[in-house]
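> The structure that follows is given in the form of structure tokens.
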Amino acid sequence: MKLHELAHARSGDKGSTADISVIAYHPAHYPHLRTHLTPDRIRAHFPDLPPGPIDRYEIPSLHALKFVLHGVLDGGVTRSLRLDAHGKSLAACLLEMDVPAPFPALFSKD
């Protein structure tokens with residue numbers, strides 16, 4: 001299944017660093033996301049981004065994970081000629097990631 005069936009996401013930037021927050025629609029999906037969304041999986045999903053460390057922060061009170069991708073924005077919005085210098089499209093791209101389906105009882109967004 002696609003990640004967007006379990007969560008929504010937002011992305012932002014600061015200089016060359018992009019961040020993507022993934023928020024579970026349902027609190028029951030948060031442990032499933034914690035298991036399957038790792039920095040290695042994020043790196044594998046974006047093979048064309050410049051290499052750099054990816055940090056993951058867990059925010060259980062919001063049922064969210066925040067990924068900080070260092071050095072992926074080619075200097076940032078004032079220096080980069082990238083089409084998406086802010087990295088705003090990264091969240092939408094990440095939501096197309098394939099993830100294993102959780103137990104059937106956890107499919108509902110309600």
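The values are calculated or read from the model by the stated rules, or taken from the named source; none is laboratory data. Just so it is clear, the model here is predicted, and its values are computed rather than measured. A quick note on method: Cβ atoms are made from the backbone with ideal geometry, for glycine too, and the neighbour counts reach across all protein chains shown.
> Got a number for residues in the range 30-60 being small (G, A, S) and over 24 Å from P102 (Cα atoms)?
Count: 1.
> Could I ask something else about it? If I ask for residues that are of a type outside the set (D, E) and in contact with a Gly (Cβ under 9 Å, 6 or more places away or on another chain), which ones from the range 11-42 would you list?
S11, G12, K14, G15, S16, T17, A18, I20, S21
> Which is within 16 Å of L95 (Cα to Cα) and modelled with pLDDT under 95, of G52, G12, G71, G75?
G12
> Where in the range 1-83 are the strands (runs of 3 or more DSSP E), entirely inside, with at least 2 residues that are of a type outside the set (V, I, T), buried (at least 19 other Cβ atoms within 10 Å of the Cβ) and in contact with a helix residue (DSSP H, G or I) (Cβ under 8 Å, 6 or more places away or on another chain)?
Because the criterion is at least 2 residues that are of a type outside the set (V, I, T), buried (at least 19 other Cβ atoms within 10 Å of the Cβ) and in contact with a helix residue (DSSP H, G or I) (Cβ under 8 Å, 6 or more places away or on another chain), the strands (runs of 3 or more DSSP E) in the range 1-83 that meet it are 7-14, 17-24, 64-69.
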